[in-house]
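The values are calculated or read from the model by the stated rules, or taken from the named source; none is laboratory data. The structure presented is a predicted model; accordingly, all values stated were derived computationally and were not measured. We place every Cβ from the backbone using ideal geometry, glycine too, and count neighbours over all the protein chains shown.
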Amino acid sequence: MPALESPWENARRELPFREGARGFSLILKRNCSISPAGLACVFAALGVAALAIGAGFALAGAWLILPFAGLEVLLLAAAFLLQARHATDYERIELDRGRLAIEIAQAARVARYELDARAVRVESDGRHVLLRGGGEPLELGRHLDDESRAAFAAELEKRLRV
């Protein structure tokens, strides 16, 4: 099983290829370090703290602080919603019976592609992994760092040619 070196850890991480009788399956997704409930708690704590500080200044006579504290909470909410919208993004790659099925989920949009595995070419420049094989090229590995992306491209090319 191929492994990826992590610059932050001494341990090697395995590429999560799942072997099948006629191919493989791989899911690449973002590393979400906080659950939705934890994210909501952090947002609530920051919002309450900002509004409490704003209310304290308003009671002390600096009432203009309160609208800015409210604006801060609204902008914080927008940032958290944007992050939450992309928290479940993923790329699913499956090879079965010579057909390469790719599913790419970004925000609320899911795109599915099916390609002939023998006609697919994998191109990588270290920053992008492109699959070419009929139609428009597909970019994969968006959720990987540069080193992992290069290892992924090499392993995908090897598995497609077996």
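Of note:
Yes/no matrix, rows are residues, columns are (1) assigned to a helix (DSSP H, G or I); (2) at pLDDT below 90; (3) closer than 26 Å to C32 by Cα; (4) more than 19 Å from the chain's Cα centre (by Cα):
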| residue | (1), (2), (3), (4) |
| --- | --- |
| F68 | yes, no, no, yes |
| T88 | no, yes, yes, no |
| R92 | no, no, yes, no |
| I102 | no, no, yes, no |
| G126 | no, yes, yes, no |
| R149 | yes, yes, yes, no |
| E157 | yes, yes, no, yes |
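- Members of segment 107-124 found to be assigned to a strand (DSSP E or B), in contact with a helix residue (DSSP H, G or I) (Cβ under 9 Å, 6 or more places away or on another chain) and either of a type in the set (A, V, I, L, M) or on the phi > 0 side of the Ramachandran plot (or both), listed by number: V122
- No other residue among I104, I65 is of a type in the set (V, I, T) and touching a helix residue (DSSP H, G or I) at 6+ places or on another chain (Cβ under 6 Å) apart from I65.
- The condition of being of a type in the set (A, V, I, L, M), modelled with pLDDT of 90 or more, surrounded by 12 or more Cβ atoms within 10 Å (Cβ to Cβ) and under 16 Å from E94 (Cα atoms) holds for L140.
- Members of segment 25-78 found to be of a type outside the set (D, E, K, R) and touching a His at 6+ places or on another chain (Cβ under 8 Å), listed by number: L28, N31
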